[in-house]
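Structure, as structure tokens:
The values are calculated or read from the model by the stated rules, or taken from the named source; none is laboratory data. Because the structure is predicted, anything quoted here is derived from the model rather than measured. In this analysis, Cβ positions are derived from the backbone assuming ideal geometry, glycine residues included, and neighbour counts consider all displayed protein chains.
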Amino acid sequence: MAFIDDDEIPTEAWLAELIKSQIATQADVVCGPVLPKFDSPPPGWVLEAQFFERKRHPDNTRITWLDSRTGNVLFSREVVDLAGGGFDERFSASGAEDALFFYRAERRGASIYWADQACVYEYIPDSRVSLKWFARRAYKGGQNWVRIRAESNRYIWLPMALRGLGTLIAAAIVFVPVLLVSRAHASRLAVRMAGDVGKMTAWKASTQVHGSYACRHYTG
């Protein structure tokens, strides 16, 4: 099965490159790059801060679930079973259901590889090119980072909250001096602080109800 998001456009060789990498590596999951396609040229500080730049790897490199996403992926039917049958609807409102999917699959033995030439382009509307949007995404990302790891350690909530608090305080201390030097660096620091707040409040997100699903510890 191959996936891209509904706001993405694949390159001509996209699917062939995914299949080529799968054959070469015998991977259960193959992921590729998602490149930004802006609606209009973004401000210089956004480009300098690299908010839309995602990590890339050489072809056929084995990666982890941290670099996996359904925005550009090929995987076998067996991976669905390894991941517990599909996407967890408790994450439907917060996002990261794909990260949890690949986290579960990898923990149960799925191998994940990278196809660097299997590119897709993601449409970026102007509404996403703002510090508020970046911070909101980082906040949810911080919460989800902890919630996913709670799958294997249900006692992680307090240590992660304390860790988030510590890094938040450290970032706040240097924020003004950094702002005086570089708007881009200060923006990255502000987004990191939002992620730290997310880690501190992950326990709250874990008890919220989305539809008929309560976000409690997943037991399989």
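If we keep just the residues of region 20-61 that are of a type in the set (Gly, Ala, Ser) and within 24 Å of residue 184 (Cα to Cα), which is surrounded by the most Cβ atoms within 10 Å (Cβ to Cβ)?
Among those that are of a type in the set (Gly, Ala, Ser) and within 24 Å of residue 184 (Cα to Cα), it is 49.
Please enumerate the residues belonging to region 121-140 that are part of a loop (DSSP other than H, G, I, E, B) and surrounded by fewer than 19 Cβ atoms within 10 Å (Cβ to Cβ).
If the condition is that a residue be part of a loop (DSSP other than H, G, I, E, B) and surrounded by fewer than 19 Cβ atoms within 10 Å (Cβ to Cβ), then 125, 130 are the ones that fit.
Test each condition in (1) part of a loop (DSSP other than H, G, I, E, B); (2) surrounded by 13 or more Cβ atoms within 10 Å (Cβ to Cβ); (3) of a type in the set (Asp, Glu) for residue 17 and report the one that comes out false.
(1)
Sort out which residues of region 81-98 are aliphatic (A, V, I, L, M) and either crowded, with 19+ Cβ neighbours inside 10 Å or under 12 Å from the mean Cα position of the chain (by Cα) (or both), and write them in order of number.
82, 83, 96
Which condition breaks for residue 118 when tested against (1) assigned to a loop (DSSP other than H, G, I, E, B); (2) over 20 Å from the mean Cα position of the chain (by Cα)?
Result: residue 118 fails condition (2) only.
Quick one: in region 99-115, of everything that is more than 20 Å from residue 55 (Cα to Cα) and charged (D, E, K, R), which residue is nearest to the chain's Cα centre (by Cα)?
Only one residue tops the list, namely 104.
Name the residues in region 20-55 that are out of contact with any Lys or Arg (no Cβ under 6 Å at 6 or more places or on another chain) and either hydroxyl-bearing (Ser, Thr, Tyr) or assigned to a helix (DSSP H, G or I) (or both), would you?
20, 21, 22, 23, 24, 25, 40, 44, 46, 47, 48
State all residues of region 3-13 that are hydrophobic (A, V, I, L, M, F, W, C) and either farther than 15 Å from residue 75 by Cβ or surrounded by fewer than 16 Cβ atoms within 10 Å (Cβ to Cβ) (or both); if no residue qualifies, say none.
Result: 3, 9, 13.
Among the residues of region 99-120, how many are surrounded by fewer than 19 Cβ atoms within 10 Å (Cβ to Cβ) and farther than 13 Å from residue 31 by Cα?
3
Based on what the data block shows, is residue 112 more than 21 Å from residue 87 (Cα to Cα), assigned by TED's automatic domain parsing to the domain that holds residue 85 and in contact (Cβ under 8 Å) with a residue 12 or more places away in the chain?
No; evaluated as a whole, the condition is false for this residue.
The rows are residues; the columns are (1) modelled with pLDDT under 95; (2) among the charged types (D, E, K, R); (3) assigned to a loop (DSSP other than H, G, I, E, B).
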site: 57; (1), (2), (3): no, no, yes
site: 66; (1), (2), (3): yes, no, no
site: 70; (1), (2), (3): yes, no, yes
site: 113; (1), (2), (3): no, no, no
site: 142; (1), (2), (3): yes, no, no
site: 147; (1), (2), (3): yes, yes, no
site: 151; (1), (2), (3): yes, yes, yes
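For the condition out of contact with any Lys or Arg (no Cβ under 8 Å at 6 or more places or on another chain), assigned by TED's automatic domain parsing to the domain that holds residue 9 and either within 30 Å of residue 76 (Cβ to Cβ) or of a type in the set (A, V, I, L, M) (or both), what is the one hit in 174, 120?
Of 174, 120, the one residue that is out of contact with any Lys or Arg (no Cβ under 8 Å at 6 or more places or on another chain), assigned by TED's automatic domain parsing to the domain that holds residue 9 and either within 30 Å of residue 76 (Cβ to Cβ) or of a type in the set (A, V, I, L, M) (or both) is 120.
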